[in-house]
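Take a look at the structure below.
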Amino acid sequence: MSDKSITSLAIRRPDDWHLHLRDGAMMRAVLPETTRHFARAIVMPNLVPPVVTATDAVEYRARILAALPAGADFTPLMTLYLTEDTNPEEVAAAHDAGIATAVKLYPAGATTNSASGVRDMEKVRPVLETMAEIGMPLCVHGEVTDNDVDIFDREAVFIDKVLKPLRKKVPDLRIVMEHVTTQHAVDYVRDTHKNLAATITTHHLIINRNNILAGGIKPHFYCLPVAKREAHRVALVQAAVSGDKRFFLGTDSAPHTDAAKLQPCGCAGIFTAPNTMSCLAEVFDAADRLKKLEAFTSLNGPQFYRLPPNEDRITLRKGDPVTYPTHIDTADGPVTVFDPGFDLHWHVEG
Ligand code: DOR
Ligand code: ZN
């Protein structure tokens with residue numbers, strides 16, 4: 001039977017394995033959009049200043065928990081921002097104590113608030129070796145930052161120049177290539193059978209670079225890594241809907257105010273938290289693979305992170321096009337919600 005005839009789908013409650021919650025008023029405004037449907041999220045540490053130490057993570061987690069909407073059952077899984085000064089023993093202790101689930105590698109200058117990231121991979125080798133010993137995952141922003149590398153090639157070059165050598169030197173390190181955007185990354189992950197997985201965002205399953213640049217520039221579709229040509233988007237969809245346990249959802253929902261995005265040097269980031277599940281159901285439905293949605297959103301991630309999947313379920317139902325806000329209001333100004341460019345027929349019940 002084709003999955004196309006399905007109009008109602010119960011799946012284990014999803015998790016978001018890559019999320020930007022920000023802080024303060026922005027966090028309070030965006031947090032309910034995630035806690036409405038998701039049970040857990042890997043929370044990115046690129047605050048200003050970044051979440052570097054165990055104490056930073058404990059304090060940030062407390063601020064998130066204090067901002068939870070009434071009745072929300074949500075577990076933030078914290079990450080530490082890797083710097084060239086990060087101390088291996090401190091990372092191991094934070095992992096042991098359940099304070100930090102993973103460490104995040106930003107190549108310095110790769111994206112929003114990445115200035116304190118890593119320039120020389122050799123400097124962080126002792127931390128990575130410790131993480132390999134204790135089985136703590138490294139989340140990787142996989143782009144080189146050299147100005148002489150074309151922005152559309154930065155992920156592929158990162159795989160060759162940084163990831164492959166790193167995996168040779170520290171083969172037991174468990175790595176999540178975050179927000180993959182290319183066929184190269186999909187192939188690399190598929191060809192690797194140990195200690196490597198990848199997250200895929202909602203928006204990279206839906207937009208290609210034409211959406212950003214053809215017929216006028218669309219800052220709300222600008223994110224990093226930047227969306228690539230259509231063939232790459234198709235490869236990402238195939239990976240996501242395949243059920244392959246090495247691929248799972250990390251929305252990279254990254255709110256910025258419209259004022260921050262709509263300017264001569266606008267911020268990178270797409271805010272997908274409010275309509276992510278509807279968008280994903282639409283993508284899986286179009287691919288006739290609705291039955292694989294649960295693996296992508298709710299099973300493969302926990303398996304890689306060695307956590308149990310959520311016990312409770314959500315139900316998605318297909319019907320008339322759903323309405324969702326075009327933006328949410330924050331004390332800092334409006335934040336535009338991702339517009340997939342087509343009607344969404346799936347909504348999460350309740
Ligand atoms: O588009 C992005 N936005 N990519 C990132 O890597 C960071 C994120 C943000 O923090 O806004
Ligand atoms: Zn991100």
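Couple of notes before you dig in:
- Residue check, ASP252 away from ligand 2 (no atom under 16 Å from the Cβ) and touching a residue at least 60 places away in the same chain (Cβ under 8 Å): no
- Condition check for VAL118: touching a helix residue (DSSP H, G or I) at 6+ places or on another chain (Cβ under 6 Å), farther than 16 Å from ARG167 by Cα and aliphatic (A, V, I, L, M): yes
- Unique match (being assigned to a loop (DSSP other than H, G, I, E, B), in contact (Cβ under 8 Å) with a residue 12 or more places away in the chain and either more than 16 Å from ligand 2 (Cβ to nearest atom) or not aromatic (Phe, Trp, Tyr) (or both)) among VAL52, VAL91: VAL52
- Cβ pairs under 6 Å, 6+ apart, first in segment 290-305 and under 14 Å from THR199 (Cα atoms), second of a type in the set (Gly, Ala, Ser) and assigned to a helix (DSSP H, G or I): PHE296/ALA240
- Scanning segment 112-165 for residues that are assigned to a helix (DSSP H, G or I) and charged (D, E, K, R) yields GLU122, LYS123, ARG125, GLU129, GLU133, ASP153, ARG154, GLU155, ASP160, LYS161, LYS164.
- Residue match in segment 145-157 (condition: more than 23 Å from GLU90 (Cβ to Cβ), modelled with pLDDT of 95 or more, buried (at least 21 other Cβ atoms within 10 Å of the Cβ) and away from ligand 2 (no atom under 16 Å from the Cβ)): yes
- Every pair of residues 6+ apart whose Cβ atoms lie under 8 Å, when the first sits in segment 100-122 and is touching a residue at least 60 places away in the same chain (Cβ under 8 Å) and closer than 27 Å to LYS261 by Cα while the second is of a type in the set (Asp, Glu) and within 11 Å of ligand 1 (Cβ to nearest atom): ALA110/GLU143; THR111/GLU143
- Taken together, the criteria exclude THR192 from residues that are buried (at least 24 other Cβ atoms within 10 Å of the Cβ), more than 16 Å from ligand 2 (Cβ to nearest atom), more than 12 Å from the chain's Cα centre (by Cα) and among the β-branched types (Val, Ile, Thr).
- Yes/no for MET27 being touching a residue at least 60 places away in the same chain (Cβ under 8 Å), within 16 Å of ligand 1 (Cβ to nearest atom) and farther than 20 Å from ARG313 by Cα: no
- Residue list for segment 317-332, restricted to those being more than 20 Å from ASP252 (Cα to Cα), in contact (Cβ under 8 Å) with a residue 24 or more places away in the chain and loosely packed, with under 14 Cβ neighbours inside 10 Å: GLY319, ASP320, PRO321, ALA331
- Options ALA102, ALA70, ALA62; residue that is within 16 Å of ligand 1 (Cβ to nearest atom) and either within 20 Å of the chain's Cα centre (by Cα) or over 16 Å from TYR305 (Cα atoms) (or both): ALA102
- Residue within segment 268-284 that is touching a residue at least 40 places away in the same chain (Cβ under 8 Å) and surrounded by fewer than 19 Cβ atoms within 10 Å (Cβ to Cβ) present: yes
The values are calculated or read from the model by the stated rules, or taken from the named source; none is laboratory data. All figures in this text were calculated on a predicted structure; none of them were measured in a lab. Don't worry about glycine lacking a Cβ; one is built from the backbone with ideal geometry, like all the others, and counts go over all protein chains shown.
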